[in-house]
Amino acid sequence: MGLNLILLGPPGAGKGTQAKLLIDRYGIPQISTGDILRAAVKAGTSAGLRANEFMLQGSLVPDDLVIEIIKDRLHLPDSVKGFILDGFPRTVAQADALNSMLHSAGRVIDHVISINVDNDILLQRVIGRLTCKGCGRGYHKVFDIPAQAGVCDACGADLFQREDDKEETMRARLNTYQAQTAPLIGYYESKNLLRTINGLGSIQEINNSLIKVLEG
């Protein structure tokens, strides 16, 4: 039996980190709209160029574009046993579209888990992020400092701050989340699918809370 899971939470809540641990445990893919969109931007596809205009402003990418990307991804063979949606749905309209998409394939969402973290902590986490230009490894100015400032430990390439991790963009992303994505909390509560966990603590502590929800 498959496990179809949605991770909710503001940018910087740790959804991506937790998703990777769940991949190892359950053998199902993380479907991250952020990763898919960034790959499209890097490849210079028409969808990527269109999406990039919104991402740089800290705005949500339009529903029709995101839904098309997700639909294509869910048809790939590795998602047959289940999936972890990270960063989708972001609006009630997207949630409705997802329900229709899954229903037509005879599938349902099993769990929706919301990871809660205060905005001040989110800002500290995100605006300190650094990314390697070479291998893509992530660092942090406070929590995961490279041995040599501005240089990747793994491959020696330069580190940079992604545009969507800068403070001004991050504040816009948080405002967008509160306005457009937070209503999903009520949406999934009304369907008795939502479970909320505390996003503070060590990565393992947060993961233990997730596993407890998924395995009872």
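The values are calculated or read from the model by the stated rules, or taken from the named source; none is laboratory data. All values derive from a computational prediction rather than experimental measurement. Here the Cβ is made from the backbone with ideal geometry for all residues, glycine too, and neighbour counts use every protein chain on show. Note: accessible area is taken over every heavy atom of the protein model, side chains too, but ligands, DNA and RNA are not part of it. Shrake-Rupley method; radii C 1.70, N 1.55, O 1.52, S 1.80 Å.
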- Item | Net length gained if the chain between residue 151 and residue 53 were fully extended (0.36 nm per residue, minus Cα distance) | 32.4 nm
- Message: If I stretch the segment between residue 101 and residue 71 completely, what's the gain in nm (0.36 nm per residue apart, minus their alpha carbon distance), one decimal?
- Response: 10.1 nm
- Message: Contact order normalised by length for the stretch 63-216, with contacts defined as Cα pairs under 8 Å and 6 or more residues apart; what percent is it?
- Response: 26
- Given 42/81; 81/133; 20/81; 81/141; 15/71; 191/212, which pairs have Cα atoms separated by over 26 Å? 42/81; 81/133; 81/141
- Message: Helix 63-74 against the longest principal axis of the chain: what's the angle in degrees, Cα atoms only, rounded to the nearest 10?
- Response: 80
- Residue span residue 171 to residue 39: 0.36 nm per residue of separation minus Cα-Cα distance leaves a gain in nm of 45.2 nm
- Considering only 154, 213, 203, whose Cα is most displaced toward the positive end of the charge dipole of the stretch 152-216, charges sitting on Cβ of Lys, Arg (+1) and Asp, Glu (-1)? 213
- Query: Between residue 21 and residue 81, what FRET efficiency follows from the Cβ-Cβ distance if R0 is 30 Å, with the result rounded to 0.05?
  - Reply: 0.95
- Using +1 at the Cβ of each Lys and Arg and -1 at the Cβ of each Asp and Glu in the stretch 1-121, identify which of 108, 13, 51 lies farthest towards the dipole's positive end. 108
- Angle in degrees between helix 167-176 and the longest Cα principal axis of the chain, rounded to the nearest 10: 10
- Message: Tell me the angle of helix 92-104 to the major Cα principal axis of the chain, expressed in degrees between 0 and 90 and rounded to the nearest ten.
- Response: 60
- Mind ranking 20, 133, 15 by accessible surface for me, highest first, 1.4 Å probe? 133, 20, 15
